[in-house]
Amino acid sequence: MTQRQNLKIDGERLWGELMETARFGGTAKGGICRLTLSDEDRRVRDWFKARAEALGCTVTIDSMGAMFARRNGQRDIPPIAMGSHLDTQPTGGKFDGVLGVLGALEALRTLVEAGYETFAPIEVVNWTNEEGARFAPAMVSSGVFAGAFDHDWAASRQDRAGVAFGDALAAIGYRGAEPCGHHPLSGFFELHIEQGPVLELEGKDIGIVTGIQGIRWFEITVRGEERHSGTTPMPVRRNALLGAARLVERVNAIALARPPLAVGTVGLLEVKPNSPNVVPGEVFFTVDFRHPDAATLASMEEDLTAAGFTLADESGLTVELRKILDMPPVSFDPDCIACVREGAATAGLSAREIVAGAGHDAGYVARVAPSAMVFVPCRDGISHNEAEFSTNEQCAAGAQVLLQAVLNFDRRLAERHQR
Ligand code: GLV
Ligand code: MN
Ligand code: MN
């Protein structure tokens, strides 16, 4: 049997599949619009299932639509999983999430072609709705999988058109029979583009991801009164958009007050009735706060809540604030991190440790299985943008380290069982 260190993924084949699947939802500017549970998502899922089955894998789908493609190992123990997500932002790039699933598929195919028998079964996972662009919050299926979200709450989340997650999932034919979370894993590894500038700036090939910064998401509804724009004097107006604008400014200020790491974003805002000559009566918007330190993140939330109360007191508007995502900072498993570090060394690649700025499914999976991540650089650190780009060589390097990390972990499992 081929030595584990000598197994080599095929970078050209991986690149070909990245470009092939980028057609499902491909945009004129070279990105992808593949919102979760859309028809484009169904098509890429069908593609993934067919490819995995062609490799001899059994594909299981859980009740949140997560897909697990399994290749058996020597022992019938919980699998080592690797994967990420195939859904994208509305103006997403070709690599965010997709590299983690297709890189994992390429790693698995390398094992199949070499006839390499692992100790544990190996699985490739496609988590549902990592992005949170269509249904908030983000990372919802891995969150339910890890017990962070209630299953029925998650399934009842609605998109902006009022379609429930559970109905959209059934409509594309991917509501599986396995109850979400009833799928023990021995370990989980996620390959991803960095989505920031650090690796590129330092000329490093690989990021050994040691953790993820904390994330909190809020939904805010500001309510005032719809009135005629021509006849309603300024002093008597209760303009919901004006109130929301003040809070949007506060979100920015709250982050700026905690340099250099705090970030705060309002990325979605809806005005009702959205007519030029009606004083806005209701505004819905989202807030995304992130920081590596849990206490700082909590203080950002306190400031936001206080700003909501102040606005309501001063303006006669009502302000409703709901927290829909609260992911504390994550520290990955030291053993899994070591497997990634050794994997980069085996592949002869330069590497540094890094904390993820973006959210990732591995952050939730880490609650129920030892986990870690592999990062590769992306051009100018740009992501959530159609211009997002990593080279063929960078993607291949990441998939190679992913494969080695999984095999390192597999060997550790075998040793533990033999003791
Ligand atoms: C996922 O894309 C996130 O970091 O929000
Ligand atoms: Mn992602
Ligand atoms: Mn993303």
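The values are calculated or read from the model by the stated rules, or taken from the named source; none is laboratory data. This is a predicted model, so every value here is computed, not measured. For neighbour counting, all protein chains shown are included, and Cβ atoms are generated from backbone atoms with ideal geometry for every residue, glycine included. Note: accessible area is taken over every heavy atom of the protein model, side chains too, but ligands, DNA and RNA are not part of it. Shrake-Rupley method; radii C 1.70, N 1.55, O 1.52, S 1.80 Å.
Here is the figure for the range 266-277: residues that are within 17 Å of Phe218 (Cα to Cα), open to solvent by 60 Å² or more (accessible area, probe 1.4 Å) and in a loop (DSSP other than H, G, I, E, B) total 1.
Summed over the range 26-35, the residues that are of a type outside the set (S, T, N, Q), part of a loop (DSSP other than H, G, I, E, B) and open to solvent by 20 Å² or more (accessible area, probe 1.4 Å) give a count of 5.
Among the residues of the range 103-118, write down those that are within 11 Å of Gln74 (Cα to Cα) and either open to solvent by 10 Å² or more (accessible area, probe 1.4 Å) or within 21 Å of the chain's Cα centre (by Cα) (or both). Spell out the reasoning first.
Taking the range 103-118 and keeping what is within 11 Å of Gln74 (Cα to Cα), we get 116-118.
Listed by number, the residues that qualify are Tyr116, Glu117.
Going by the conditions given, is Ile382 farther than 21 Å from Asp326 by Cα, at pLDDT 95 or above, open to solvent by 30 Å² or more (accessible area, probe 1.4 Å) and within 16 Å of ligand 2 (Cβ to nearest atom)?
Numbers: farther than 21 Å from Asp326 by Cα: yes; at pLDDT 95 or above: yes; open to solvent by 30 Å² or more (accessible area, probe 1.4 Å): yes; within 16 Å of ligand 2 (Cβ to nearest atom): yes.
The answer is yes for Ile382.
Can you tell me which of Leu185, Leu199 is farther than 30 Å from Ala154 by Cβ and open to solvent by less than 60 Å² (accessible area, probe 1.4 Å)?
Numbers: Leu185 fails: farther than 30 Å from Ala154 by Cβ.
Only one candidate qualifies: Leu199.
One residue stands out in the range 6-25 among those that are part of a helix (DSSP H, G or I) and of a type in the set (Gly, Ala, Ser): the one that is most open to solvent (accessible area, probe 1.4 Å), namely Gly16.
A quick yes/no check of all residues on (1) within 11 Å of Arg216 (Cβ to Cβ); (2) open to solvent by less than 30 Å² (accessible area, probe 1.4 Å); (3) in contact with a strand residue (DSSP E or B) (Cβ under 9 Å, 6 or more places away or on another chain); (4) in a loop (DSSP other than H, G, I, E, B):
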{"residue": "Gly264", "(1), (2), (3), (4)": "yes, yes, yes, no"}
{"residue": "Asp303", "(1), (2), (3), (4)": "no, no, no, no"}
{"residue": "Ala306", "(1), (2), (3), (4)": "no, no, no, no"}
{"residue": "Leu321", "(1), (2), (3), (4)": "no, no, yes, no"}
{"residue": "Ile337", "(1), (2), (3), (4)": "no, yes, yes, no"}
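Residues satisfying the criterion are present in the range 36-53 (criterion: within 16 Å of ligand 1 (Cβ to nearest atom), on the phi < 0 side of the Ramachandran plot, open to solvent by less than 40 Å² (accessible area, probe 1.4 Å) and in contact with a Gly (Cβ under 9 Å, 6 or more places away or on another chain)).
Scan Arg352, Arg290, Arg367, Arg322 and give me the residue that is of a type outside the set (Val, Ile, Thr) and under 30 Å from Arg237 (Cβ atoms).
On the way: Arg352 fails: under 30 Å from Arg237 (Cβ atoms); Arg290 fails: under 30 Å from Arg237 (Cβ atoms); Arg367 fails: under 30 Å from Arg237 (Cβ atoms).
Being of a type outside the set (Val, Ile, Thr) and under 30 Å from Arg237 (Cβ atoms) holds for just one of Arg352, Arg290, Arg367, Arg322, which is Arg322.
Go through the range 335-368 and report how many residues are under 18 Å from Leu403 (Cα atoms) and either within 16 Å of the chain's Cα centre (by Cα) or not basic (Lys, Arg) (or both). Summing the residues that are under 18 Å from Leu403 (Cα atoms) and either within 16 Å of the chain's Cα centre (by Cα) or not basic (Lys, Arg) (or both) in the range 335-368 gives 17.
When the range 66-86 is filtered for residues that are within 28 Å of Asp96 (Cβ to Cβ), of a type in the set (A, V, I, L, M) and either surrounded by fewer than 24 Cβ atoms within 10 Å (Cβ to Cβ) or touching a residue at least 60 places away in the same chain (Cβ under 8 Å) (or both), the ones remaining, listed by number, are Ala66, Met67, Ile80, Ala81, Met82, Leu86. Might you let me know whether the range 384-399 holds any residue that is part of a helix (DSSP H, G or I) and either among the hydroxyl-bearing types (Ser, Thr, Tyr) or under 30 Å from Arg223 (Cα atoms) (or both)? No, that holds for no residue.
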